[in-house]
Each structure stands twice: as structure tokens, then as C-alpha cells.
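First the structure, in the form of C-alpha cells, and then the observations on it.
Nothing in this text is a laboratory measurement; each read-out follows from the coordinates by a stated rule. Computed from a predicted structure; not experimentally measured. Cβ: placed from backbone, ideal geometry, glycine included. Neighbour counts: every protein chain shown.
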Amino acid sequence: MAAFTAARFAPLLTGPLGGIVADRTDRPRVLRGSIAAALAIGVAVAALASFGEIAYWQVVVAGLLIGTMQAPLQPVRFTLIMDLVGGTWSPAPTRSTWPRCSGAGSSPRRSRDG
């Protein structure tokens, strides 16, 4: 199982290449193509497993291929969302920025008495 997990996540180290793909290609096409390829690999593994003809090395290779297909997805998704929404990037509210985002620090607290 460790070999499968390592093979599955090893392509994620190529994330910077995924950023290049996200910048230079048609993002919706890359998104659809990667998901379709991962689906086809999953269907092939499921078919082999249902017929009892699957070997461990095939599962590891399938994990490597699925990881390769999904490596560019995060940069593509992020860039596509920014293209669709527009504007500038702002970090998600965290504990240190939440009072400023929620307006909690802008008014004095009222007591429960009234």
C-alpha cells in the first residue's frame, strides 16, 4: 500500500510544471482531459479487478498515471476560478484576520443586560 501511495503522490512534485500548463493552455480543456483520463484509468482498474485479473504492479502503475493526470489540476482550477471570478487574490480569513473581515473589531461590544 505504501508503494501505491508513493506512486500516487510522486507526480504532485511536478506542481510547478502544472502552473506552466495552467498559464499556457486552454484551462477548461486541460481540466476536462485530466479528469477524463483519470476516469478511464479508474474504469480500467475496476474492470481488471472485477475479472480477477489485476496484479499489484498494475495498481501501482494506475496510481502513478492518475497522479500524473491530476498534477496540473490544482493550478488549473485556481487559475480558472480567478479568470471566472476576476479581481485580485485575497487570503482566506484566518484567526488573525477574522475580526477585520467580520467587522467584529469595528464596534464596541454591548452587554447582555441591554
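A few points about this structure:
- Ascending count of other beta-carbon atoms within 10 Å, so fewest first, for S50, S34: S50, S34
- Cα gyration tensor category, rounded, prolate or oblate, for segment 1-77 with a/c compared to 1.5: oblate
- Segment 49-88 - Kirkwood radius from inverse mean 1/r over Cα pairs (Å): 12.6 Å
- Local net charge near A62, Cβ-Cβ under 15 Å (Lys/Arg +1, Asp/Glu -1): 0
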